[in-house]
Amino acid sequence: MKTSKSDSIWTRTFLLLCAAQFLGYAQNSMLAPVLPLYVTQLGGSPFVVGMVLACFAASSVIVRPLVGHWADRWSEAGVMISGLLFQGASIFFCFIPWVEATMLANGLRGIGWGGLNTGGYSLLAHIAPESRRGEASGLYSGVQSASSILFPAFALWLLHESFGGFTAVFLVTTIFSWLGAAFGGMMARPVTHAARRPAAMELSRQWWREIFHFIEHDILLPSVMLLWLNVSLPAITNFSVLYARELGVENFGLFFIVVGITSLLARPLLGRLSDKIGRDLSIATGFGLQLASLLLITTVSNLAGMIVCGVFYMLGNAIGSSTTLALALERADPRRRGKQMATFSIAYPLSYGVGSLLTGSAIEFAGYAGMFYLLTAVQAVGLLFALSNAAKLRSQELN
């Protein structure tokens, strides 16, 4: 069958959307290994590191319903641009050398993160061809994760150079977010029609009930799956640098480069695969690979072993995250796309916050090995849940 022009993924809007997301995620990728080091330098423990990371997640979760409401009634592109601008400005509080100031900065950054993701996912749901949503989801999330290839290593390099340091890292991350906002501005005019005005019945609702309506049943199952898949992610993206330091592993920037490349290449390929083999099998495979990675990492003690485990984890996360995003795109109601994609995107910061607290607390009480065993058990339960809901994951509509 010949692919029509309307089924093309590679439009100008899609490319600009991906560019804005790449730069917004670049800030987060640079801060992922740097913030734990910064907090520990200020005297914080692993538990305090988890608290700082959780501030980012908490504010991002709380703001999503409001941001989704705003996207539906104003502009999805405008919400994304505003999020990028706010994300860049908030990091200036990190220049105050107090743990409390870093908590505040990360909490404010979470508000910008909510706008970046809610606006971006809503736009993707609007422009992705129906027949290629798995592939579009994989490409989109692959671009987001591409920032994790070089930017964590770049941040660690810049941190230790004579002309660098924490201040230099924070300034560069701000520039990335504001450049992303510029790309968003370039695409804003062609897609302003994407924001759909509410129907008369919806207008008659009390506005505060609409904003604080958290549960969107159409995409509840994909959201739960995404949360469960990502709850162990901070152990790899944030706490692995502290684990490597405890093991005496040097040149750890290479770890982030390899796992970043893995995520970049795997997401579009495995997202496309999920269109062929089914959403249920794809999600189960994601849980299985992550489970194996978290179990194996307790047996390694060098850089090569950690890289292998990181690759397995990112393969599982790539296919699982791309598949759940494709499910959400399929089930989102066009009349409430902003709110529903906001609800779906809550799973990212919620899993990040819960995972950060869980990981930091487990390290405090059980050490790094105990933490990885605990997260392995969490992923095993997630795999069982996915298998028990296989029929619902295969269906285009919720039962």
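With a 1.4 Å probe and all protein chains left in place, how much accessible area per residue does the range 1-122 have, in Å²?
With all protein chains present, the range 1-122 gives 36 Å² per residue.
What percentage of the solvent-accessible surface of the range 45-190, computed with a 1.4 Å probe over protein heavy atoms, is contributed by carbon and sulfur atoms?
Carbon and sulfur together cover 75 percent of it.
On a 1.4 Å probe surface of the protein chains, which of 154, 256, 163 comes out largest in accessible area, and what is the full order?
Largest accessible area first, the residues go 163, 154, 256.
Compute the FRET efficiency between residue 178 and residue 391 as 1/(1 + (r/R0)^6), taking r as their Cβ-Cβ distance and R0 = 41 Å, and round to the nearest 0.05.
Using R0 = 41 Å, I get an efficiency of 0.35.
The values are calculated or read from the model by the stated rules, or taken from the named source; none is laboratory data. Just so it is clear, the model here is predicted, and its values are computed rather than measured. Note: ideal-geometry Cβ built from the backbone for every residue, glycine included; neighbour counts use all protein chains shown. Just so you know, the surface numbers come from the protein's heavy atoms only, side chains and all, with ligands and any DNA or RNA stripped out. Shrake-Rupley method; radii C 1.70, N 1.55, O 1.52, S 1.80 Å.
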